[in-house]
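*Asks:* Sending over a structure as structure tokens; questions will come in a sec.
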Amino acid sequence: MSRPPGIYVGAGALVHRQGRLLLVKRNREPAKGTWSFPGGAVELGETTLEAAVREVKEETGLDIEVESLFDVVTYLPGDRVTKSKNQVIVVDYLAKPKKGRVRLNAESSDFGWFTPKQVGRLKSTIGVRRCAEKFASLGLR
């Protein structure tokens, strides 16, 4: 039995240090084997900010300091890129790691710190290249 189409909200973070972005390689569907920013579904009763902080901690073991809202993107049902029956809203925050080392959970098979230019050459999830380009335009270090 399949679920009826719905609206789903996700949240994540562009965690950066020294001009590089943290990406994780997805170990599960959707988009298994592609690189993405840490993030996931917003749970009932939490804000998108809380979800982003929680998801980064769960997926990477890192505590983060959120600096600002970075981007909000809406993928509509039937979008040529996602080919989904659902509407998906993704809220991304800009953040720096506070402490800790990256320790992946089962959702990811690898991680790396990449320059925006390197991100452009990776097999990545929807929007990652665009976000990396936007990050590069900010000139942050």
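What follows is calculated from the coordinates using simple rules that are stated; it is not laboratory data. Note that the structure is predicted; figures quoted are calculated from it, not measured. All Cβ positions, glycine included, derive from the backbone under ideal geometry; neighbour counts span all protein chains shown.
*Asks:* Right, residue 49: under 27 Å from residue 110 (Cβ atoms), among the aliphatic types (A, V, I, L, M) and surrounded by fewer than 19 Cβ atoms within 10 Å (Cβ to Cβ) or not? Step through it out loud before you land on a result.
*Replies:* On the way: under 27 Å from residue 110 (Cβ atoms): yes; among the aliphatic types (A, V, I, L, M): yes; surrounded by fewer than 19 Cβ atoms within 10 Å (Cβ to Cβ): yes.
So residue 49 passes the test.
*Asks:* Would you please name the residue that is surrounded by the fewest Cβ atoms within 10 Å (Cβ to Cβ), looking only at residues in segment 82-94 that are out of contact with any Leu (no Cβ under 7 Å at 6 or more places or on another chain) and not in a loop (DSSP other than H, G, I, E, B)? Talk me through it step by step, then tell me what you get.
*Replies:* Residues of segment 82-94 out of contact with any Leu (no Cβ under 7 Å at 6 or more places or on another chain): 82-86, 88-91.
Right, trim to not in a loop (DSSP other than H, G, I, E, B) and you get 88-91.
Values: 88: 19, 89: 15, 90: 22, 91: 21.
Result: 89.
*Asks:* Right, another one. Where residues in segment 104-128 are part of a loop (DSSP other than H, G, I, E, B), among the charged types (D, E, K, R) and touching a residue at least 24 places away in the same chain (Cβ under 8 Å), which of them is surrounded by the fewest Cβ atoms within 10 Å (Cβ to Cβ)? Lay out the reasoning, then the answer.
*Replies:* From segment 104-128, those part of a loop (DSSP other than H, G, I, E, B) are 104-107, 115, 120-123, 125-127; that's our starting set.
Remaining after also requiring among the charged types (D, E, K, R): 107, 121, 123.
Those still in the list that are touching a residue at least 24 places away in the same chain (Cβ under 8 Å) too: 107, 123.
On the way: 107: 16, 123: 10.
Among those residues, the one meeting the criterion is 123.
*Asks:* Which residue is surrounded by the fewest Cβ atoms within 10 Å (Cβ to Cβ), if the candidates are limited to segment 6-34 and must be closer than 18 Å to residue 121 by Cα and among the aliphatic types (A, V, I, L, M)?
*Replies:* 31
*Asks:* Next question, about the same structure. With segment 1-64 as the region, which strands (runs of 3 or more DSSP E) entirely inside it contain at least 3 residues that are of a type outside the set (A, V, I, L, M, F, W, C)?
*Replies:* Details: elements: 7-17, 20-26, 39-41.
Strands (runs of 3 or more DSSP E) meeting the threshold: 7-17, 20-26.
*Asks:* Still on this structure, please answer the following. Keeping to segment 65-81, report how many residues are in a strand (DSSP E or B) and surrounded by 14 or more Cβ atoms within 10 Å (Cβ to Cβ). Outline the logic, then answer.
*Replies:* So the first thing to find is which residues in segment 65-81 are in a strand (DSSP E or B), and the list is 65-75.
Imposing the further condition that a residue be surrounded by 14 or more Cβ atoms within 10 Å (Cβ to Cβ) reduces the set to 66-67, 70-71, 73, 75.
Of the residues in segment 65-81, 6 are in a strand (DSSP E or B) and surrounded by 14 or more Cβ atoms within 10 Å (Cβ to Cβ).
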